[in-house]
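Some notes on the structure that comes next.
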Amino acid sequence: MPKILITQAVPSAMLTQLKTLVDGKAEIEAVTTPQDDEFGRLAAEADVIINGFRQLDATALTLAPKVRFIQQLGVGYNNLDTKTLAQAGIIASNTPGVNSQAVAEHTILLMMVLLKRFVMAENATRANTWPQLKIMQAGIGEIGTSTIGLIGFGSIGQAIAKRLKPFGSRLLYTSRQRADPALEEKLGVRYLNLPELLATASIVTLQLPLNAQTRHMIGAPELNQMKPGSILINTSRGEIVDEAALRQAIESGHLAGAGLDVLTNEADGGNPFYDLPQVVVTPHMGGISQGAVARTVQMAFENVVRYLNGEKPLYILPELQNDNNGFSA
């Protein structure tokens, strides 16, 4: 009987949900700790992996010699070594689009927190002070009068634009491929190339996957191209931004601030901007609303069942697309 391994501890209700969907077609186990020894012991007999945050590189995959399918929970998959997967003939899928609404809302939240000086205001009133004049002198912005530049215009970028349009914001975007004119008109967006967008927008927000082309895509040259006093928002992946360059751009006063839901070294690396009040950091939580998690789990589990039934899984990663690999559909 095939064995499914979930690479992180999960609630019992989630295990019950998977068992119901699998309906006796496979055994299911889940690791209980992040330690490699437990993962290695359980992975040795696994045929399918359902993965969350674990780094599945060449070393980790040698511990799972029988695995032929990996289902990634979520949209991002930079923790999967796709080159090694391709060489080993392992296919992998993600769950695209499941968290677009949640990430879009969190992106706009970070914009509003910075524009409205929310952290300064909340901290002040919590300390029983009422510094209206100080906050007014610092400047309170309006999202409706802001020019917002979207770098990346997939499902998340489009969800952000859809939610910003009623505010009256001027919306710009850049992407590898220009969107259909009808979609541009519907969402009220205008296409610019990257340098033009950086030089025009008062708020720049990133909606990109992490890959060789996007790693440190926003470095010192790009930050210097941004308008003085503008704001950077990143809810994609921390490595897309050169954090040292971002810190310099903020300390110099060139940028007014940044809203970051992602960092290069999260958790263990701490917050490298902890001492800069102009930078608001949240703990990579943008895509984990209750609704987004439920949609992710349901899509992932149903895809695993497709694989167990001999059907071609949906949403196979682009780097691993080839023929049908012997699947019936």
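Computed quantities for the displayed model
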quantity	calculated
Listed residue (Gly149, Leu208, Asn128) projecting farthest to the positive dipole end of the range 126-245, Cβ model	Asn128
Shape of the range 131-243, Cα gyration tensor, a/c cut at 1.5	oblate
Cα gyration tensor, the range 162-313 - rounded (a/c under 1.5), prolate or oblate	oblate
Estimated vicinal HN-Hα couplings, Hz - the range 262-272 in sequence order (Karplus 6.51, -1.76, 1.60; Gly, Pro = x)	9, 9, 5, 10, 7, 6, 5, x, x, 9, x
Two-decimal Rg to Rh for the range 65-222 - Kirkwood Rh, Cα set	1.08
Length-normalised contact order of the range 29-144 in % [C-alpha pairs under 8 Å, at least 6 apart]	18 percent
Cα lying deepest toward the dipole's positive end in the chain, options Gln35, Ala245, Pro181, charges on Cβ	Pro181
GNM result for the chain, Cα springs below 10 Å: residue of Gly139, Gly149, Gly219 fluctuating most strongly	Gly139
Partner lysines for Lys227 [C-alpha distance under 29 Å; skip if fewer than 8 residues away on the same chain]	Lys116, Lys134, Lys162, Lys165, Lys186
Within the range 212-329: Cβ-based charge dipole about Cα centre, in debye rounded to nearest 20 (Lys, Arg +1; Asp, Glu -1)	300 debye
Under 21 Å from Lys312, Cα to Cα: lysines that are on another chain or at least 8 residues apart	Lys3, Lys19, Lys25, Lys66, Lys83
Net length gained if the chain between Ile135 and Thr264 were fully extended (0.36 nm per residue, minus Cα distance)	43.3 nm
Accessible area expressed per residue, the range 47-206, with surrounding protein chains retained (probe 1.4 Å, Å²)	48 Å²
Net charge contributed by nearby residues that have their C-beta within less than 14 Å of Asn78 (K/R +1, D/E -1)	-1
The chain - percent of accessible surface contributed by carbon and sulfur, probe 1.4 Å	53 percent
Crossing angle, helix 100-115 versus the chain [Cα axis fit, 0-90 degrees, rounded to tens]	20 degrees
Net +/- balance of residues flanking Thr200 in space, Cβ distance below 12 Å, scoring K and R +1, D and E -1	+2
Principal-axis tilt of helix 290-308 within the chain, Cα atoms, nearest 10 degrees	30 degrees
Net charge over other residues, Cβ less than 10 angstrom from the Cβ of Ala58 (K, R count +1; D, E count -1)	-1
Tensor-based shape of the range 187-234 (alpha-carbon gyration tensor, a/c under 1.5 rounded, otherwise prolate or oblate)	oblate
Listed candidates (i) 1.02; (ii) 0.96; (iii) 0.99 - label of the one calculated as Rg/Rh (Cα atoms, Kirkwood Rh)	(i)
Net charge dipole size for the range 136-284 [Lys, Arg +1 and Asp, Glu -1 on Cβ; Debye, nearest 20]	580 debye
Rounded Å value of the spacing that divides the Cα centres of the range 223-274 and the range 50-113	24 Å
Karplus-derived HN-Hα couplings along the range 35-46 (A = 6.51, B = -1.76, C = 1.60, θ = phi - 60°), whole Hz, x at Gly and Pro	5, 5, 5, 5, 4, x, 5, 7, 6, 4, 10, 7
Gain on full stretching of the segment that runs from Thr16 to Asn271 - 0.36 nm per residue minus C-alpha separation	88.2 nm
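The values are calculated or read from the model by the stated rules, or taken from the named source; none is laboratory data. Worth saying up front: this structure is predicted, and the values here are computed from it rather than measured. Note that each Cβ is placed from the backbone with ideal geometry, even for glycine, and that neighbours are counted across all protein chains shown. In case anyone asks, the SASA skips ligands and DNA or RNA and just uses the protein heavy atoms, side chains included. Shrake-Rupley method; radii C 1.70, N 1.55, O 1.52, S 1.80 Å.
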